[in-house]
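Here the structure comes first, spelled out in structure tokens, and everything after it is commentary.
The values are calculated or read from the model by the stated rules, or taken from the named source; none is laboratory data. Nothing here was measured: the structure is a model prediction, and the numbers come from that model. In this analysis, Cβ positions are derived from the backbone assuming ideal geometry, glycine residues included, and neighbour counts consider all displayed protein chains. Protein only, heavy atoms only, side chains kept; ligands, DNA and RNA dropped before computing areas. Shrake-Rupley method; radii C 1.70, N 1.55, O 1.52, S 1.80 Å.
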Amino acid sequence: MDVLGTILAFIGVLVVLVLVHELGHFIVAKRAGITVQEFGVGFPPRIGSVVWHGTRYSLNWIPLGGFVKMLGEDGESEADKMRKRGLSDSAIDKAMEGAFNRKPIWVRIVVLVAGVAMNFLLAAVLFAVALSLPGMEGRGPLTVTEIQPGSPAVAAGLEVEDVIVAADGRTFPVSRDLTAYVRSRAGHLVELTVRRDGKETAISVTPRTLSDAEEAKGLGAVGFSYEPDRFVEVPPSVGSPAEAAWKGITAAGDLAVKIPGGLATAVAGLLGLAPDAGTAVGPIGIASETGRVLRAPLVSQLIFVGILSVNLAVLNVLPFPPLDGGRIAVTVVEAVRRRRLPAEREALVYLTGFMVLILLVILISIRDVANLIGG
């Protein structure tokens with residue numbers, strides 16, 4: 001896929017994920033009687049808009065997701081503007097009946113959590129659909145397509161275009177069974193039967209033991225990428241829609257539990273507090289991976305978007321301003337204090353959090369560029 005196609009695909013995936021998130025806020029806010037002033041696709045300036053049932057639906061020029069604007073989302077700023085225009089307190093109270101900030105604490109929290117819930121639900125659905133589709137299984141010998149620098153494959157003398165036909169004298173009809181066997185022999189000598197230039201030769205290699213972080217980064221026990229001899233369609237791994245739905249939810253939940261630890265490791269690495277920056281990637285890395293995945297089978301595409309959706313859900317629920325989790329934390333603090341934070345202090349909290357997030361995105365993007373340049 002060319003660069004333009006990759007960019008367009010990345011934007012398309014981003015728009016879907018963010019709009020699903022915002023749709024969660026929108027639906028629950030409407031059901032709770034909150035006045036939704038605008039539901040926007042993209043960010044201003046506007047291309048055009050239409051008002052329906054009191055909400056403006058807009059299409060905007062910057063195609064990086066979307067937004068929901070609720071009355072009272074910025075505190076009492078709207079009420080203050082009305083007061084400056086000379087409206088009476090009773091008129092202001094009537095106009096602010098549907099304001100977000102005047103709803104009970106629990107209602108506001110449910111509205112804020114709804115976006116996260118929608119991203120999690122989307123991931124579960126995508127995983128379920130992927131499990132319901134026929135899969136593609138690699139069969140036959142493995143052709144080496146890439147060697148990882150500094151890996152056991154390099155030390156053993158394995159080369160690109162070598163064809164691995166057996167391990168320890170055993171042949172494996174299913175390609176992944178061969179790699180699973182080699183991985184299970186970590187720390188022990190394995191003899192690979194390799195076909196090179198039409199002749200078979202034996203290559204001895206000792207697979208390495210990998211940590212979860214190293215495996216997540218794509219490192220292999222021996223350190224090579226491969227293509228199977230052929231792909232064969234296999235039946236779905238689930239027997240019913242109910243089983244697919246349950247496994248989809250379970251997969252999304254298992255992934256969500258693992259993300260915070262990986263994110264903490266990544267941030268610690270970026271800040272120089274840990275030797276490994278982890279597996280977090282920024283917009284550049286995600287865009288690059290999107291281009292690669294869109295050349296893969298549909299099942300891989302569904303799983304990829306599902307993984308991104310779970311990541312977006314977990315990221316947004318973290319108690320960090322200005323994410324949904326941070327706004328929930330502020331709401332809880334207000335409930336405990338029994339009074340709202342001063343507007344200028346709340347704005348400072350959100351601004352500080354936003355600047356920290358931007359800094360992290362920049363640091364991760366710099367690493368993404370370095371990885372791309374380094375191959």
key: Selected residue [at pLDDT below 90, open to solvent by less than 40 Å² (accessible area, probe 1.4 Å) and of a type outside the set (A, V, I, L, M)] from G140, G86   = G140
query = Of the residues that make up the range 129-142, is at least one in a helix (DSSP H, G or I), without any contact (Cβ under 8 Å) to a residue 40 or more places away in the chain and not hydroxyl-bearing (S, T, Y)?
reply = no
Subset of the range 143-155 (residues that are buried (at least 18 other Cβ atoms within 10 Å of the Cβ), out of contact with any Pro (no Cβ under 8 Å at 6 or more places or on another chain) and part of a helix (DSSP H, G or I)) = A153
key: Among (1) part of a helix (DSSP H, G or I); (2) out of contact with any Leu (no Cβ under 6 Å at 6 or more places or on another chain); (3) over 17 Å from M70 (Cα atoms), the one test that V18 misses   = (3)
ask   = A180: open to solvent by less than 50 Å² (accessible area, probe 1.4 Å), in a helix (DSSP H, G or I) and more than 24 Å from L302 (Cα to Cα), yes or no?
value = yes
key: Matching entry among G157, G198 (being out of contact with any Leu (no Cβ under 7 Å at 6 or more places or on another chain) and at pLDDT below 90)   = G198
inquiry  = I'm trying to understand the selection: among the residues of the range 234-251, which are out of contact with any Gly (no Cβ under 7 Å at 6 or more places or on another chain) and either over 11 Å from L131 (Cα atoms) or β-branched (V, I, T) (or both)?
reply    = V238, A242, I249, T250
remark   = Note on the range 205-238: residues loosely packed, with under 11 Cβ neighbours inside 10 Å and not in a loop (DSSP other than H, G, I, E, B) are E233
query = Can you tell which of A117, A167 is small (G, A, S), modelled with pLDDT under 95 and either closer than 30 Å to V18 by Cβ or open to solvent by less than 20 Å² (accessible area, probe 1.4 Å) (or both)?
reply = A167
inquiry  = Of the conditions (1) touching a residue at least 12 places away in the same chain (Cβ under 8 Å); (2) closer than 30 Å to V129 by Cβ, S204 satisfies every one except a single condition; which number is it?
reply    = (2)
